[in-house]
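Encoded as structure tokens, the structure appears first; notes follow it.
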Amino acid sequence: ILGKQVRVVASSEDRNFTYIPRDIDLNEDAAYLHITSNNTIRGTQWKNFPSSGSIPLVSDMSSDIMGRTLDMAPFGLIYAGAQKNLGPSGVTLVIIRRDMLERVPEHLPTMLKYTTFAAKNSMFNTPPCFAIYVFQLVMKWLEETIGGLAKMEKLNEEKADLIYRYLDGSDFYWGTTEREDRSIMNVTFRLQDESLAGTFITEALANGLGGLKGHRSVGGCRASLYNATSLEAVQALVSFMAEFESKYG
């Protein structure tokens, strides 16, 4: 990108991206190490972030920001689209160390430089006012109604655990990711009899449970448990899964 070399230093492709790789072959002269904290398609999530030493750690946290507590110390840069946990699309949250701003190349286009927005307090151009306002309302809800980020994390873990425990006790469904790397935001699973997947999606929708079709690139099923998803909704899903298993299993 822009004349620089991009190198993949870790991958779980050998097992169809079902786990988080632990071995990272990082060059000492690397400009930064980039990770995606939560894989919405595969249903994996970093629990312990990699140590990159003096090399800045950069992360796309679009799908799990504000879904759990975080130690910001290891990161040089975090960026996250708002559309999962923060508010409507059109807003991006950026958390960047000041020393990282000093490394921004001058030759980059104006709108691609974080220094542009840092210098103008994010007001370089006309902001998406309504999206920012909704962002504020979501943060207020998170603090005042939920009780803060630690409680949000606990609730998200409880939601995910309900489904994972059911999957682990079932011979009808199976989870697609390694247990230690399971996401609390996106639970991916399949039916042992793949021919029933379409029926499962259709009957779930008829019972008020939508959005369960897996990503088009991998198929299967996926339950997305972003902050706005209630515990009651997850309980309803697990009840439906049990009823469906009883009916077709």
Inset, instruction - Taking the Cα centre of the chain as origin, work out the dipole magnitude from +1 charges on Lys and Arg Cβ and -1 charges on Asp and Glu Cβ, in debye rounded to 20. - result: 680 debye
Inset, instruction - Could you list the chymotrypsin sites (Phe, Trp or Tyr not before Pro) in segment 1-41 that lie in coil according to DSSP, counting only those with at most 16 other Cβ atoms within 10 Å of their Cβ? - result: Y32
Legend entry - Options F135, F172, N156, ranked by Cα towards positive dipole end of the chain, top entry (Cβ charges): F135
Legend entry - Considering only segment 1-87, percent of DSSP beta bridges that pair antiparallel, nearest 5: 20 percent
Inset, instruction - Enter the angle in degrees (range 0 to 90, nearest 10) between the Cα long axis of helix 197-206 and the first principal axis of the Cα atoms of the chain, meaning the one along which they spread out most. - result: 90 degrees
Legend entry - Antiparallel content of DSSP bridges confined to the chain, in %, to 5: 65 percent
Legend entry - Per-peptide average of other Cβ atoms within 10 Å, ordering 48-56, 150-158 highest first: 150-158, 48-56
Inset, instruction - Net charge near T176: determine it from the other residues with C-beta under 12 Å of the C-beta of T176, scoring Lys and Arg +1 and Asp and Glu -1. - result: +4
Legend entry - Around T40: net Lys/Arg minus Asp/Glu count, Cβ-Cβ under 10 Å: +2
Inset, instruction - Would you mind calculating the relative contact order of segment 13-85 from Cα pairs under 8 angstrom and at least 6 residues apart, reporting the percent as a whole number? - result: 28 percent
Inset, instruction - Calculate how steeply helix 231-248 sits against the longest principal axis of the alpha-carbon atoms of the chain, using the helix alpha-carbon long axis, and give the answer as 0 to 90 degrees to the nearest 10. - result: 40 degrees
Inset, instruction - Only loop residues by DSSP count here, and only those with at most 15 other Cβ atoms within 10 Å; note down the trypsin sites (Lys or Arg not before Pro) in segment 1-40 that meet that. - result: K4, R7, R22
Inset, instruction - Just add up the charged neighbours of A31: K/R +1, D/E -1, any other residue whose Cβ is under 15 Å from the Cβ of A31. - result: 0
Legend entry - GluC sites (Glu not before Pro) restricted to DSSP loop in segment 67-152 with at most 10 other C-beta within 10 Å: E102, E106
Inset, instruction - Answer with a single label: of (1) 7, 33, 40, 19, 1; (2) 6, 23, 27, 24, 13, 5, 1, 0; (3) 6, 26, 31, 23, 10, 2, 0, which was calculated as P(r) over Cα pairs in 10 Å bins from 0, in percent from the structure in view? - result: (3)
Legend entry - Net charge dipole size for segment 160-224 [Lys, Arg +1 and Asp, Glu -1 on Cβ; Debye, nearest 20]: 260 debye
Inset, instruction - Only Cα pairs under 8 Å and at least 6 apart count here; give the relative contact order of segment 1-158 as a rounded whole percent. - result: 16 percent
Legend entry - Principal-axis tilt of helix 149-168 within the chain, Cα atoms, nearest 10 degrees: 40 degrees
Inset, instruction - Pick out which of S183, S59, S239 has the largest mean-square fluctuation in a Gaussian network model of the chain, springs linking Cα atoms closer than 10 Å. - result: S239
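Throughout, read-outs are computed from the coordinates displayed, never taken from laboratory work. None of these values were measured; they are calculated from a predicted model. A quick note on method: Cβ atoms are made from the backbone with ideal geometry, for glycine too, and the neighbour counts reach across all protein chains shown.
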